[in-house]
Amino acid sequence: MSRSRNNTSRNNRSTRSRFLFTIAEVSLFALVPFLAYLGFTTLLDTRTGTFVADPIEGEPGWRALVDPTPVTAVVEVENDRITGLTVITQPAGDGKGGAVVLVPGTLLVDGTPLTALDPQGAAQLLGNAMRLQIAEVLVLDEEGWFSVLDSTAYEIDVPDPIPNDADGVLVPVGPNQIDARLTPAFLGRLVAGNDPLALIFRRRLYWESLLTEPPAPSDHPFSELLQTVGAGQSRIYDFPLEKTEIIGPEANLVPDEVSVEFLVREIVPFPAGAGPGDRPQVRLIDRTGEADLYALAAALGRSGIEVLEIGNAWVYDDGPTELVVPIGADTAGITRLSELVGADTVQAADTELNDSLTLLVGRDIILPAN
């Protein structure tokens with residue numbers, strides 16, 4: 001009786017084993033199309049074996065994030081009111097030097113003047129207008145200028161009178177010593193009815209003095225930035241503007257969108273968008289083992305593309321240059337990027353970064369001309 005039960009048990013186990021094997025075999029056949037698709041992603045994702053250390057530059061699988069160019073907004077304030085903003089970028093490889101962009105406080109962005117907002121809100125709205133991520137916002141009010149300048153004063157040939165609080169003149173036309181006490185008024189006050197663009201010219205004179213001879217270092221965060229930018233080659237730009245008469249003579253300045261983008265590409269080597277969809281985001285993966293990813297990243301950055309990452313494929317297959325496009329990616333960004341580098345597009349349901357494009361760099365890559 002016992003032997004019969006054992007034989008029955010063996011037969012049952014054998015039947016179950018054959019059944020499970022059959023199910024597994026059928027499942028594998030069903031997975032063939034899926035596995036064929038996954039073969040494409042091998043270049044991006046597959047790791048074989050166990051790695052005891054991360055790959056180093058030049059090896060298969062090496063990756064490096066690309067940090068955006070530092071962008072700071074300095075918000076000039078007098079009597080709790082914004083009078084102007086200054087955007088500073090630091091594109092120099094050694095961290096010294098940079099670009100300074102003078103923005104009028106009366107600039108209208110989507111119908112809102114920057115002067116009507118708090119410093120953080122004004123910087124965010126300006127970043128939106130430039131389609132540029134502003135990483136840091138520094139506020140320079142009366143107290144801030146004293147912290148930065150201390151006893152430093154600059155002799156400036158004042159081009160127009162600066163009014164006081166009682167319909168008089170605080171600073172007359174001609175050479176004057178502009179110290180911390182006078183700086184907020186020098187940067188922000190106009191005689192009633194004067195063109196707001198006259199204020200930009202006066203601010204340019206002041207920023208030229210700051211960059212030519214920065215004051216002694218202090219514990220204010222702007223002091224360190226000023227020392228860094230002033231220590232190298234720097235250039236001052238006026239924010240590209242158009243005039244509109246819809247609002248009135250004191251608030252009739254709007255961004256010249258085309259010229260703003262050209263300026264961003266000139267002074268921001270590696271831009272990041274202020275919000276989703278502002279700039280095509282791409283990571284660059286070399287599939288040849290010989291691509292100059294740094295040169296390609298720099299060329300794309302100068303074209304206004306946001307480069308997130310550079311790296312090598314886990315398998316060098318010497319395939320053509322292809323743009324891997326996740327489902328739902330922005331069509332305009334795809335077209336522009338593919339035309340820049342001469343890439344065909346390949347759609348993939350999933351990549352490591354679902355919201356970004358991946359450029360598989362082949363030997364036929366076209367380096368964008370700037």
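Here, each number is a calculation from the coordinates, and none is a lab measurement. All figures in this text were calculated on a predicted structure; none of them were measured in a lab. Here Cβ is always computed from backbone atoms with ideal geometry, including for glycine, and neighbour counts include all displayed protein chains.
Each residue, Asp110 and Tyr294, gets one label point 7 Å from its Cα in the Cβ direction; the gap between the two is 3.9 nm.
Estimated at 0.36 nm per residue, the fully extended path between Asp256 and Asp167 surpasses their Cα-Cα distance by 28.6 nm. The overall shape of segment 217-312 is oblate: from the C-alpha gyration tensor, with semi-axes ordered a ≥ b ≥ c, the ratio a/c is 1.5 or greater and a/b is no larger than b/c. Taking the charge dipole of segment 143-292 about its Cα centre, with +1 at Lys and Arg Cβ atoms and -1 at Asp and Glu Cβ atoms, the residue from Ala185, Ser223, Pro159 reaching farthest to the positive side is Ser223.
Extension gain, Asn194 to Asp94, is 31.9 nm, computed as 0.36 nm per intervening residue step minus the present C-alpha separation.
Model label sites at Arg336 and Ala135, defined 7 Å from Cα along the beta-carbon direction, differ in position by 2.2 nm.
Could you work out the local net charge near Gln233, counting Lys and Arg as +1, Asp and Glu as -1, over the other residues with Cβ closer than 15 Å to its Cβ? So the environment of Gln233 carries a net charge of -1.
Any chance you could check the Cα centroid distance between segment 180-217 and segment 73-89 for me, in angstrom? Segment 180-217 and segment 73-89 have Cα centres spaced 11 Å from each other.
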